[in-house]
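K.L.:
Here it is, the structure, as structure tokens.
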Amino acid sequence: MKITYTAWIKDEVGIDEEVVTLPANVANVGMLLEWLSRRGQQHERAFEFIEVVKVAVNQEYVERDHPVKDDDEVIFFPPIAGG
């Protein structure tokens, strides 16, 4: 799976993107977020506010129950503020 991080998520993780192999027990976006947040201190900080992170799978915004698989492309977006 190709994962792309944007904005402050990228800053906290320290990389723009990475390729990972999903563990067998990761079946949807919510499980992916939980798994990533336990991969180390940088990922833990990046996903500290996990509930506000938006996710796109294969260029389509999805909910936490959306299934994921190893050949997906996933992008994580923090909320966009403006005024």
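A short reminder: the numbers here are calculations on the coordinates, not readings from a lab. Since the model is a prediction, treat every value here as computed from it, not as a measurement. So basically every Cβ, Gly included, is an ideal-geometry build from the backbone, and we count neighbours across all protein chains shown.
K.L.:
Hey, with R₀ at 25 Å, roughly what FRET efficiency would Phe77 and Ala24 work out to, going by the Cβ-Cβ distance, to 0.05?
P.N.:
With R0 = 25 Å, the Cβ-Cβ based efficiency is 0.40.
K.L.:
Right, next: Which aspartates and glutamates have a Cα less than 15 Å from the Cα of Lys2, not counting those fewer than 8 places away in the same chain?
P.N.:
Counting by Cα, and skipping residues close in sequence, Lys2 has these aspartates and glutamates nearby: Asp16, Glu17, Glu18, Glu60, Asp70, Asp71, Asp72, Glu73.
K.L.:
Amide H neighbours of Glu17 under 5 Å, at least 5 residues apart or on other chains, H built in the peptide plane: list them.
P.N.:
Tyr5
K.L.:
While we're on this one: Loop-only check: which GluC sites (Glu not before Pro) in region 24-70 are DSSP coil with at most 14 other Cβ within 10 angstrom?
P.N.:
Sites meeting the loop and neighbour criteria: Glu48, Glu63.
K.L.:
Can you put Lys69, Lys54 in order of Cβ neighbours within 10 angstrom, beginning with the fewest?
P.N.:
The order, fewest Cβ neighbours first, is Lys69, Lys54.
K.L.:
Give me a comma-separated list of calculated 3J(HN,Hα) values for region 21-31, in order, Karplus coefficients 6.51, -1.76, 1.60 applied at θ = phi - 60°, integers in Hz, x for any Gly or Pro.
P.N.:
Running phi through 6.51 cos²θ - 1.76 cosθ + 1.60 with θ = phi - 60° gives 9, 5, x, 4, 8, 9, 10, 8, 4, x, 5 Hz.
K.L.:
Would you give the gap between the C-alpha center of region 53-79 and the C-alpha center of region 1-52, rounded to a whole Å?
P.N.:
Taking the Cα centre of each part, region 53-79 and region 1-52 sit 11 Å apart.
K.L.:
When DSSP assigns beta bridges and you keep just the ones with both residues in the chain, what percent turn out antiparallel, to the nearest 5?
P.N.:
75
K.L.:
Rounded, prolate or oblate for region 19-74? Axes are the square roots of the Cα gyration tensor eigenvalues, ordered a ≥ b ≥ c, and the cut-off for rounded is a/c under 1.5.
P.N.:
Since a/c reaches 1.5 but b/c is at least a/b, the shape of region 19-74 is classed as oblate.
K.L.:
Report the charge-dipole magnitude of region 2-77 in Debye, nearest 20, computed about the Cα centre from +1 at each Lys and Arg Cβ and -1 at each Asp and Glu Cβ. Write out the running numbers ahead of the final one.
P.N.:
Numbers: 8 positive and 16 negative charges, 30 e Å.
Dipole about the Cα centre, nearest 20: 140 debye.
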